[in-house]
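Only one structure is covered here, and it is reproduced in the block below.
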Amino acid sequence: MQLGDTYWMQLSRTSGMTFLVNSSWSGSRVSSYNGDAVSTFLSTARVTSLGRYGVPDVILIAGGTNDWGHNYNKLGSYSTGPVYNDSVTFRGAYAMMLFRLQQKYPNTKIVCLSIFPRSQGYSAANNQGWTQSQANASIKKIAQDFGCYYIDCTTVAWSSDWNKYTIDKLHPRPEGCKLLAECIRK
């Protein structure tokens, strides 16, 4: 897949936005067991890297699928702040990430995307006992608690033809990225 085929570049072209930074890492999670590991979404280095070409107007967050799939962490409780120090559970780490992003970029619109379609389905529980549906409900609630936007991407129709839209029933092909970009743009 070429860079122009990714959902964020297709979204940039169709929405009129200018793409500044890609800070996605293959296999990375929102949560972390070693506090500020660089690869996690909530790391100081990763949060800072989003502003390397200027303060972004919009930040899109597509996190949670690897937290669910890697089975390392519990779903956890909702954090109420004002201190956010739970980097281990999914809910705690998601809240910590949004807190850090808002501290660094107070005037930026933050858009939290649901977990994208996976072949396991949204009601399948991982080894820690939580489902993608629970993760998506958590993302939505935490986004609302922080005054961020939430986009439900669960309706992207990859399951209508997994082979056409994805490489492996998880990672999208250019055609799948097009559907995802359209969902986000709408």
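The values are calculated or read from the model by the stated rules, or taken from the named source; none is laboratory data. What you see is a predicted model; the values in this text were computed from it and never measured. Quick reminder, even Gly has a Cβ in these numbers, built from the backbone with ideal geometry, and neighbours come from all protein chains shown. Side chains are part of the model used for accessible areas, which takes the heavy atoms of the whole protein and leaves out ligands, DNA and RNA. Shrake-Rupley method; radii C 1.70, N 1.55, O 1.52, S 1.80 Å.
Structural remarks
- Shown here are the Rg and Dmax of the Cα trace of the chain, at 15.7, 45 Å.
- Each Cα pair under 8 Å and six or more residues apart adds its sequence gap; the mean of these over the residue count of the chain is a relative contact order of 23 percent.
- Antiparallel DSSP beta bridges within the chain, as percent of all bridges there, nearest 5: 20 percent
- Percentage relative contact order, region 26-75, counting C-alpha pairs under 8 Å, at least six apart: 35 percent
- Within the accessible area of the chain (1.4 Å probe), percent carbon and sulfur: 50 percent
- Only the Cβ atoms of Lys and Arg (+1) and of Asp and Glu (-1) were treated as charged; on that basis the dipole of region 1-75 about its Cα centre amounts to roughly 60 debye.
- The Cα-based radius of gyration and maximum Cα-Cα distance (Dmax) for region 36-138 are 13.9, 40 Å.
- Subset of K104/K186; K109/K164; K104/K141; K74/K104 violating a 31 Å alpha-carbon distance limit: K109/K164
- Near the amide H of R29, within less than 5 Å, lie the amide hydrogens of F41, all on another chain or at least 5 residues away, with H placed in the peptide plane.
- Accessible area in the full protein assembly, largest first, 1.4 Å probe, for H171, H70: H171, H70
- Estimated dipole of region 50-186 in Debye, rounded to 20 [Cβ of Lys and Arg +1, of Asp and Glu -1, Cα centre]: 140 debye
- Amide H contacts under 5 Å for G63, placed H, 5+ residues apart: L113
- Residues whose placed amide H lies under 5 Å from that of T166, excluding near-sequence neighbours: R173
- Listed values for region 48-55 are Karplus-derived 3J(HN,Hα) couplings in whole Hz (6.51 cos²θ - 1.76 cosθ + 1.60, θ = phi - 60°), namely 5, 4, 5, x, 5, 10, x, 6, and x replaces Gly and Pro.
- Label-point separation, N127 to W25 (7 Å along Cα→Cβ), nm: 2.1 nm
- For region 148-157, Karplus couplings with θ = phi - 60° (6.51, -1.76, 1.60), whole Hz, Gly/Pro x: 9, 8, 10, 10, 7, 9, 5, 8, 4, 8
- Positive dipole terminus of the chain, leading residue within V55, Y150, F41 (C-beta point charges): V55
- What the phi angles of region 102-116 give under the Karplus curve with 6.51, -1.76 and 1.60, with θ = phi - 60°, is a coupling list of 5, 5, 7, 10, x, 9, 8, 7, 10, 10, 9, 9, 5, 4, 6 Hz, glycine and proline written as x.
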